[in-house]
Amino acid sequence: MAGMIGVTSGMAQNPQTPPALFDRALLRARQRRAQAQGAVSFLLDRVAEDMSDRLAAVMREFHAPADLWTPGEGLNILHARLPSIARIAIDAAGAEKLPVAPESLDLVVSALALQFVNDLPGVLAQIRRALKPDGLLLAAMIGGDSLTELRQAFAAAEAECEGGVSPRVAPVADLRDIGALLQRAGFALPVTDVDRVVVRYGNAFALMQDLRRMGATNVLIERRRTPTRRATLLRMAEIYAERFADADGRIRATFDIIWLSGWAPHASQQQPLKPGSAKASLAEAVKKAGKE
């Protein structure tokens, strides 16, 4: 499982600070390179359209919105409805401290960015503090079983050709993890769901080229620093084709897009009933239904 990829260090970690998995300054550089070379944006375009539809279903106006770390100009589609949206880009050092005042925003959106955060609980808590009461967070991130085929093919090839496995594909969160983190951060009415996208390629190298053009190649701090052997790459592609090809020979690549939303608490929001406050018991309701 991807979540089992860990970070090893000879130094003790501060228990209050999660271990850093991602080199966010490198992430920023690779996203900029992808934009300069012509980004592959089909996943981001899909998320942007879906986000526009989801916001259209929210019957309210937003006057202080912000886009958090979305790569490139991915959420331009929202500008018609949110002309005043502020864009928060990854800074040169890759810091995860949000440059916003408490209770200054009424909407935070983010597309395909939060999967590269080292301290996701901390970032969600910062977003919660930045939102005004009844403000909304709506975000999409890569998670679940994303790129499971590539993970498995690389692991098998490295084990066979090199006698070991190195971290290549970033660890990702699952749906339950994200829902729990929203609650932990203090969001009201948290909702999560997943959109699975299966993309087909001629071979594994075409998939890897797309990942480079998305600015989504390996930015793990513990990534391998030496070039991968040609034999390992070729064996990876063979294993990928053996295990994950359709009848026509094209391979499959899975992307799970996890959607998350939550509101900053407000007195006007629907509240759960307190235990024991129901006016009719379930047993009585069942008994009454049986008589009808």
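The values are calculated or read from the model by the stated rules, or taken from the named source; none is laboratory data. All values derive from a computational prediction rather than experimental measurement. Cβ placement follows ideal geometry from the backbone for every residue including glycine, while neighbour counts extend to all protein chains displayed. Remember, those area values only see protein heavy atoms, side chains included, never the ligands or the DNA or RNA. Shrake-Rupley method; radii C 1.70, N 1.55, O 1.52, S 1.80 Å.
Out of the residues in the stretch 133-157 meeting the condition of being assigned to a strand (DSSP E or B), open to solvent by 10 Å² or more (accessible area, probe 1.4 Å) and not aliphatic (A, V, I, L, M), tell me which one is farthest from residue 176 (Cα to Cα).
133
Report whether or not residue 85 is open to solvent by 40 Å² or more (accessible area, probe 1.4 Å), closer than 25 Å to residue 59 by Cβ and of a type in the set (Val, Ile, Thr).
no
Filter the stretch 35-63 for residues that are part of a helix (DSSP H, G or I) and small (Gly, Ala, Ser); which is least open to solvent (accessible area, probe 1.4 Å)?
Filtering first and then ranking leaves 48.
Looking at the structure I just gave you, is residue 101 among the hydrophobic types (A, V, I, L, M, F, W, C), surrounded by fewer than 17 Cβ atoms within 10 Å (Cβ to Cβ), modelled with pLDDT of 95 or more and over 17 Å from the mean Cα position of the chain (by Cα)?
yes
Does residue 101 satisfy being among the small types (Gly, Ala, Ser) and part of a helix (DSSP H, G or I)?
So residue 101 fails the test.
Just to be sure before I move on: is residue 123 surrounded by 15 or more Cβ atoms within 10 Å (Cβ to Cβ) and under 24 Å from residue 257 (Cα atoms) in the structure I sent?
yes
Against the definition (in contact with a Phe, Trp or Tyr (Cβ under 7 Å, 6 or more places away or on another chain) and basic (Lys, Arg)), how does residue 128 come out, yes or no? Even if it seems obvious, please write down each step before you answer.
Numbers: in contact with a Phe, Trp or Tyr (Cβ under 7 Å, 6 or more places away or on another chain): yes; basic (Lys, Arg): yes.
Spelling it out, residue 128 is indeed in contact with a Phe, Trp or Tyr (Cβ under 7 Å, 6 or more places away or on another chain) and basic (Lys, Arg).
Given the conditions (1) open to solvent by less than 40 Å² (accessible area, probe 1.4 Å); (2) in a helix (DSSP H, G or I); (3) at pLDDT 95 or above, which single one is not true for residue 179?
Checking residue 179 against (1) open to solvent by less than 40 Å² (accessible area, probe 1.4 Å); (2) in a helix (DSSP H, G or I); (3) at pLDDT 95 or above, the one that fails is (3).
Residue-by-condition table, conditions (1) within 28 Å of residue 27 (Cβ to Cβ); (2) of a type in the set (Lys, Arg); (3) modelled with pLDDT of 90 or more; (4) out of contact with any helix residue (DSSP H, G or I) (no Cβ under 7 Å at 6 or more places or on another chain):
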position	(1), (2), (3), (4)
211	yes, no, yes, yes
226	yes, no, no, yes
232	yes, no, yes, no
242	no, no, yes, yes
263	no, no, yes, yes
267	no, no, no, yes
285	no, no, no, yes
